[in-house]
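Please read the structure below before turning to the comments.
The values are calculated or read from the model by the stated rules, or taken from the named source; none is laboratory data. All values derive from a computational prediction rather than experimental measurement. Here the Cβ is made from the backbone with ideal geometry for all residues, glycine too, and neighbour counts use every protein chain on show. The area values use the complete protein model at the heavy-atom level, side chains included, leaving out ligands, DNA and RNA. Shrake-Rupley method; radii C 1.70, N 1.55, O 1.52, S 1.80 Å.
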Amino acid sequence: MSKLLATKPLDMLLAEAGETGEHSLKRTLGPINLITLGIGAIIGAGIFVLTGSAAAQYAGPAIVLSFIFAGVACAFAGLCYSEFASLIPIAGSAYTYGYATLGELFAWIIGWDLILEYAFGAATVASGWSGYLVSFLQDFGIHLPPRLIATPGTDLVLYNNRWEILTKVLPDLQAAHIDPATLPHVHALFNLVAFVAIAIVTTILVIGIKESANFNSAIVIVKVAIVLVFIAIAGQFALAHPQLVAHNWHPFIPKNLGAFGEYGWSGIARAAGVIFFAYIGFDAVSTAAQEARNPQRDMPIGILGSLVICTILYIIVSGLLTGVVSYTALNVSDPVAVGIDATGIRWGSFLVKLGAIAGLGSVMLVMLLGQSRVFYSMSRDGLLPKWAGTVHPRFRTPYISSITVGIFVAIFASLIPIGILGELVSIGTLLAFVIVCAGVWVLRVRKPELHRPFKTPWVPFVPIMGIVVSLALMASLPLDTWLRLIIWLELGMFIFFSYSESHSRVQALHGPPAKLPTATANMGLGILGSCLLIAGTFLPFASFAESGSMSCWTYSIGLALAVLGVVLNSVLFAFTGRYVHQWFTGGGAVLITVLTAIIAYHSAGFAHFQVAMLVLIIGAALLVISAVVGPALAQPSGD
């Protein structure tokens, strides 16, 4: 266990930070570039979409307090990020910081977790960006082929000479007593707009970091200008209609409706957890530390500067928005446009769409930048294959990892409806914040003599508050988001123990991995882990087959048993080293756990229950066979 918590020596990190040449990243970014990178990632879907829905469903006008609460949480984490970014100016962000302080296992967990934030976050944003662009083009009478503007299976209808998603316009059709079947309609096949958007952003990232940063800076200027225009218009209207603002702000904190998170103080907390997605991005600045000209000075400026600017803008926009429009009317996809329309400025919708197109475009760029840099760092440490860290000799960017990430993100964005990933991205980021705050505290205790160009004030108060507030926001998120996070981390543990642990550069410093002495011991652990997995798999389905429904307790117990089985098999992988049978056992474990969590959770409305049971039986049989027969046939794989 102590080897799994081995830390990466600081002298190794600092030596990597000082490398130059064609195989290292190019240092070209100044403080303005870093601030705009942060603003580019932060201002996007949050300010243009989430503000309205969070106010309407959770907090009311007190959404202002939710932004302040979330901003305070980010401030604690931002101070900790700034100390690490100036002390260890190397690509990798929270992954690198966790490696230096808490150990390799925590570093892998946070690196795997950052994929949720960056890759899936970019895919989610790309899907939203395509919707805004299609709507913007249709405002000018330009219609793209409807089968290529949404994910497969999405129903679109031609309504008011615009192709619209059926679920979006269905309330309007029902109010007008129009049967959707009488309208021209198609089923989408592929979201080509989102695919092309990711392809363009990936190309920009491959060409060079300086070009990417300049492109991002130009976009940031456009969208910040649009936000300021809204503030000016709405502010002038609010000053001219103070009675309307007072009416819309009363009560400022609506009474709780009897459920946690629906108005009241619990609603403010729930809204803070939801709109936290709006703050994701300032930590992405730290992934570019190895490309900053003077990281010791400029990284804290970039992180804290972008955070302060965006927090101020969020508070002002949310306050004005709930002042000029009742919060009950803001549960729409374009709340800022609704706010401008209320002022009588009819070109508001056009303005917001233009701002959203620019804003979401820069978010995609920074998200993909962060993901490729995390892969670059993990590859250099041996936790991922070497190709992920290959640097282009001319452009001096990690072009293979950038292209690989771009391909997968483009596929996700164009084929998969990923609306639930907004909450997954938030919980992944909050977990990163917890580890970074803990890391600053740990390093202060272990290495108090280190020279720190930027020092987090009031340690340990600031790290502790960052941990507490981040955990509180995580606790306010729905249970199914936690379950999906656990499943994602289980898959990461399988990859770590089956590949990364045996290829790690840090592990190589401590000698070869330990192995269990006999195949019999391996087989015993495999059978026990498999039995737990099978029990966890079939308990929820047996309950469903008997009663036609499934209680939360039944599902939770089943998932807990499945998780315990995966943990036990992960221990088996850790001790058996590089043997063939671990891939069969691990594949079965991952298959069963993922299918259990996804299918069982939605089983009450699952139309093909027998098919699901057959798939799980096959997976369970594979797991048993591999656990019993695999150890007896195990041979070194030779890698």
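How many of the residues in the range 222-264 are buried (at least 16 other Cβ atoms within 10 Å of the Cβ), among the charged types (D, E, K, R) and touching a Gly at 6+ places or on another chain (Cβ under 8 Å)?
1
Is it fair to say residue 411 is open to solvent by 50 Å² or more (accessible area, probe 1.4 Å), in a helix (DSSP H, G or I), under 16 Å from residue 194 (Cβ atoms) and out of contact with any His (no Cβ under 9 Å at 6 or more places or on another chain)?
Against the criterion (open to solvent by 50 Å² or more (accessible area, probe 1.4 Å), in a helix (DSSP H, G or I), under 16 Å from residue 194 (Cβ atoms) and out of contact with any His (no Cβ under 9 Å at 6 or more places or on another chain)), residue 411 qualifies.
Looking at the range 102-117 only, could you name the residues that are at pLDDT 80 or above, assigned to a helix (DSSP H, G or I) and open to solvent by less than 10 Å² (accessible area, probe 1.4 Å)?
Scanning the range 102-117 gives 104, 107, 108, 110, 111, 113, 114.
Here are 120, 136: which of them is surrounded by 22 or more Cβ atoms within 10 Å (Cβ to Cβ), of a type outside the set (D, E, K, R) and under 25 Å from residue 363 (Cα atoms)?
Details: 136 fails: surrounded by 22 or more Cβ atoms within 10 Å (Cβ to Cβ).
Answer to the selection: 120.
Only one of (1) farther than 21 Å from residue 112 by Cβ; (2) surrounded by 20 or more Cβ atoms within 10 Å (Cβ to Cβ); (3) at pLDDT 80 or above fails for residue 468. Which number is that?
So residue 468 meets the others, but not (2).
Would you mention how many residues in the range 443-464 are part of a helix (DSSP H, G or I), of a type outside the set (D, E, K, R) and buried (at least 18 other Cβ atoms within 10 Å of the Cβ)? Walk me through it before giving the result.
Taking the range 443-464 as the starting set, the residues that turn out to be part of a helix (DSSP H, G or I) are 443-446, 461-464.
Among the residues that remain, those that are also of a type outside the set (D, E, K, R) are: 443, 445, 461-464.
Checking the rest, the ones that are also buried (at least 18 other Cβ atoms within 10 Å of the Cβ) come to 443, 462-463.
Of the residues in the range 443-464, 3 are part of a helix (DSSP H, G or I), of a type outside the set (D, E, K, R) and buried (at least 18 other Cβ atoms within 10 Å of the Cβ).
Counting only residues that are in a helix (DSSP H, G or I), surrounded by fewer than 24 Cβ atoms within 10 Å (Cβ to Cβ) and aromatic (Phe, Trp, Tyr), which one in the range 357-406 is farthest from the chain's Cα centre (by Cα)?
Filtering the range 357-406 for residues that are in a helix (DSSP H, G or I), surrounded by fewer than 24 Cβ atoms within 10 Å (Cβ to Cβ) and aromatic (Phe, Trp, Tyr), the one farthest from the chain's Cα centre (by Cα) comes out as 387.
If residue 194 passes every condition in (1) of a type in the set (A, V, I, L, M); (2) surrounded by fewer than 17 Cβ atoms within 10 Å (Cβ to Cβ); (3) part of a helix (DSSP H, G or I) but one, which one does it miss?
The single condition residue 194 does not satisfy is (2).
State whether one or more residues within the range 62-70 are at pLDDT 80 or above and among the hydroxyl-bearing types (Ser, Thr, Tyr).
As a first pass, look at the range 62-70 and keep what is at pLDDT 80 or above: 62-70.
Okay, now just the ones that are also among the hydroxyl-bearing types (Ser, Thr, Tyr), so 66.
Checked against the condition, which is being at pLDDT 80 or above and among the hydroxyl-bearing types (Ser, Thr, Tyr), the range 62-70 yields at least one hit.
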